[in-house]
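Notes for the one structure printed next.
We did not get these values from a lab; they are worked out from the coordinates using the rules stated. This is a predicted model, so every value here is computed, not measured. As a convention, Cβ positions derive from the backbone with ideal geometry for all residues, glycine included, and neighbour counts pool all protein chains shown.
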Amino acid sequence: MRLLLSLCLPVCLASMPAAADEVSDTLTSALEAYQDGDVAYAMEELVYAQQLLQEMKAGELEGFVPEALDGWTRTLSEDAGAAMGMLGGGTAAEAEFSNGSDSFTLTIMADSPMVAMMSGMFGNAQMMATMGKIERIGRQKFLNQDGDLSILIGNRIIVQASGGDLEAMKAHLEQIDYRALENFGQ
C-alpha cells in the first residue's frame, strides 16, 4: 500500500494543471500526511479529494441538461450528487423545469450501479415494450411508462423526464446532444 501510494500520487499530481487548486492541494496534503505516518488523515484527505473530483464530474454532467425553452424556467438541483452516494455511487445531474402551470423533473445519471442493473432491461426491445410504450424523440427511443420517459445511453447513462406534460418533456429532451452524452467521462 505504501509503495502504491508513494508511486501513484506523484504521477497523479504531475498530470494535473500547474495552477494549484483545491484538489491538488488536498492530494498533496494526503501525501504529506502519509509520509509523516498519519495514515488516518491521509485517508481522510483522499476521500475529500475524491468528493471534490466527483463534484467536478457532476458539474460536467450538468452541461448536458438542456436550457429551458421559451416560457419555461430551469432550476438545477444541488442535491443530485449527494443522492447518488446513497445509491451506491455514480454521477447525477437534475433540474426542475416549470412554466408556472406545469413542471417536470429531468434527471441524468451516469456510471451508477443502479444504471448497470437497469441496462439489461433497456437493452432488450421486447422487454421494454412489455413495460410501456416506446416513444421516438429525434433518433432516440424512450420508454414511456405512464408519462415518464426514460432512455439508456451507451449502457451507462440514464436520462429520465417525469411529472409533466408529455409534449413539453419531449421538446426539452430533443435538445440534448445524446452522441456527446454517450462519451461523457471517457
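Could you check the simple spin-label distance between residue 76 and residue 130, using points 7 Å along Cα→Cβ, in nm with one decimal?
Result: 4.0 nm between the two label points.
What FRET efficiency would be calculated for the residue pair residue 25, residue 69, taking the C-beta separation as r and a Förster radius of 30 Å, to the nearest 0.05?
In this case the efficiency is close to 0.15.
How would you order 91-103, 58-70, 122-134 from highest to lowest mean count of nearby Cβ atoms within 10 Å? Don't skip to the end; give the middle numbers.
Values: 91-103: 17.6, 58-70: 15.7, 122-134: 12.7.
Going by the mean number of other Cβ atoms within 10 Å, highest first, we get 91-103, 58-70, 122-134.
Is the shape of region 64-183 rounded, prolate or oblate, going by the alpha carbon gyration tensor and its root eigenvalues a ≥ b ≥ c, with a/c under 1.5 for rounded and a/b larger than b/c for prolate?
Verdict is oblate for region 64-183.
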